[in-house]
1. If we keep just the residues of segment 117-137 that are in a loop (DSSP other than H, G, I, E, B) and touching a helix residue (DSSP H, G or I) at 6+ places or on another chain (Cβ under 8 Å), which is nearest to GLU294 (Cα to Cα)?
2. For segment 327-339: of the residues being touching a strand residue (DSSP E or B) at 6+ places or on another chain (Cβ under 7 Å) and among the hydrophobic types (A, V, I, L, M, F, W, C), which is farthest from GLN31 (Cα to Cα)?
3. When you scan segment 215-223, do you find a residue that is assigned to a loop (DSSP other than H, G, I, E, B), under 18 Å from the mean Cα position of the chain (by Cα), under 30 Å from LEU326 (Cα atoms) and in contact (Cβ under 8 Å) with a residue 60 or more places away in the chain, even just one?
4. Is it the case, given these coordinates, that ARG352 is closer than 30 Å to ARG33 by Cα and in contact (Cβ under 8 Å) with a residue 40 or more places away in the chain?
5. Among the candidates ALA28, ALA63, ALA4, single out the residue that is of a type outside the set (Val, Ile, Thr), at pLDDT 95 or above, open to solvent by 10 Å² or more (accessible area, probe 1.4 Å) and out of contact with any Lys or Arg (no Cβ under 8 Å at 6 or more places or on another chain).
6. Only residues that are hydrophobic (A, V, I, L, M, F, W, C), open to solvent by less than 20 Å² (accessible area, probe 1.4 Å) and in contact with a Lys or Arg (Cβ under 9 Å, 6 or more places away or on another chain): list them for segment 104-125, please.
7. Examine segment 113-127 for a residue that is touching a residue at least 12 places away in the same chain (Cβ under 8 Å) and more than 28 Å from LEU269 (Cα to Cα), and state whether such a residue exists.
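The values are calculated or read from the model by the stated rules, or taken from the named source; none is laboratory data. Keep in mind it's a predicted model, so treat the numbers as computed, not measured. Every residue, glycine among them, receives a Cβ derived from its backbone with ideal geometry; neighbour counts consider all protein chains shown. Each accessible area value is taken on the protein alone, full model and side chains, heavy atoms only, with ligands, DNA and RNA left out. Shrake-Rupley method; radii C 1.70, N 1.55, O 1.52, S 1.80 Å.
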Amino acid sequence: MAEASSPHLLFVGGAGDATLAVDVVESALRQARARGLTIHLTNQEATLPATPTVNALADTVSAVDFSVRGTSAAWVRERASSGERYDVVFGVREMAQEAVAEVADALGLPGNAPDAVHRVRTKDEARAHLTAAGFRQPRFRVCATEPEARAFLAGSTGPWVVKPRDAMGSEGVTRIDTPEELAAALDFLPGRHDEHDGPAEVSFIVEEFVEGPEYSAEGVFLDGAPHILALTSKELLPPPNFFEIEYVIPAILPEATATEIEQQVVAALTALDLRFGQFHVELWWTEHGVVLGEVHVRNAGGWIHRMLPHVIPGLEWFGLVYDDVLGNPVDRAALKPVRGSAIRFLTPPPGRLVAIEGWDEVLAHPAVLHAELAIAPGTVVEPHRSVENRVGHIAVGADTPEEAQALARKLEAGVRFVTEPVEQG
């Protein structure tokens, strides 16, 4: 138990119950512990029993529903009026970022403005704001009905992407090449069908598909300004349902291209009035330069939080946020990539899994930073429609990104999933 005189961290939103979510939050809390912070963690009441290892790292745990706007801020005002003191407000879950901002605002502590966080979490509002500020964005339209979407298709250039207004992890995202494919893409949207009442009216976005390789920028705000730690390159499964199956850090890019990307990302974050915590910005490199994608005020997913400390030795990504608030010295010159890392996400062929061969060799390899397999013989592997089909991963570290990429691909090739057809009906 930390001493009462130590600085207090209010960690809003806790962790989800997935392995990755738990690992991220455990890392964030351990880095808080290393700085002597007393930790008060909040999470939804239904989730707390599923995250015992996370809860154990906190001094105090409270059930607060971060998903309802204003609830966390009202709760913390009551705590503060009773004499509770907090020095840092932080959280890593995507769906809790508005609550994090509202709590920091209520306490008058460093954080992002709630309106700014709401803007970037509502994809169309962020697109419109960035477009008005002069940044390249794909043409889009927010739609509530299929006829609205068809009207946009008729007046724009395909291919197109159909996606939810507010989701994560490529959930419900589909590329379509013709208007005839629209109905199936709408069926894939989360929440589009109510199990009792049939089709439900859910707003969604249709936007022009951007041609070009995809990247992301990972970073942290220091003294209110964006500091990019590294760029990540991505490989995606082919359309229509595309999600990432490979990351390489740092991205293998010409220096001039990397510089242009970094300048655009810093300018966009500034234009969006973001100033606190971590960031993960998605983008494309096209024949016209940078086209910005989604902006997140949280760490990147996909085990990047494990990859970056290899690329930047000694890095504590979450700890940098605490250091920034507490006024601890930060050696910015040391926050540069000097090694390489890569991860491959495993997507076995559909069917009933009979056997997995070569996995023990992966676990025994000394360059593996983290590897996980979430399926076993007997599991039915579904066709690849979302990140849920990434049933395992292999993350490696090497001296260069090129070496890391080659090794990750070699190790993946050595894993064989033996499947058999699933009888229908």
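1. Of everything passing the filter in segment 117-137, GLN137 is nearest to GLU294 (Cα to Cα).
2. LEU335
3. There is no residue in segment 215-223 that is assigned to a loop (DSSP other than H, G, I, E, B), under 18 Å from the mean Cα position of the chain (by Cα), under 30 Å from LEU326 (Cα atoms) and in contact (Cβ under 8 Å) with a residue 60 or more places away in the chain.
4. no
5. ALA63
6. Across segment 104-125, the qualifying residue is only ALA116.
7. Within segment 113-127, not a single residue is touching a residue at least 12 places away in the same chain (Cβ under 8 Å) and more than 28 Å from LEU269 (Cα to Cα).
Here's the yes/no breakdown for (1) in contact with a Phe, Trp or Tyr (Cβ under 7 Å, 6 or more places away or on another chain); (2) within 30 Å of ALA74 (Cβ to Cβ):
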position: LYS123; (1), (2): no, yes
position: PRO138; (1), (2): no, no
position: THR174; (1), (2): yes, no
position: LEU182; (1), (2): no, no
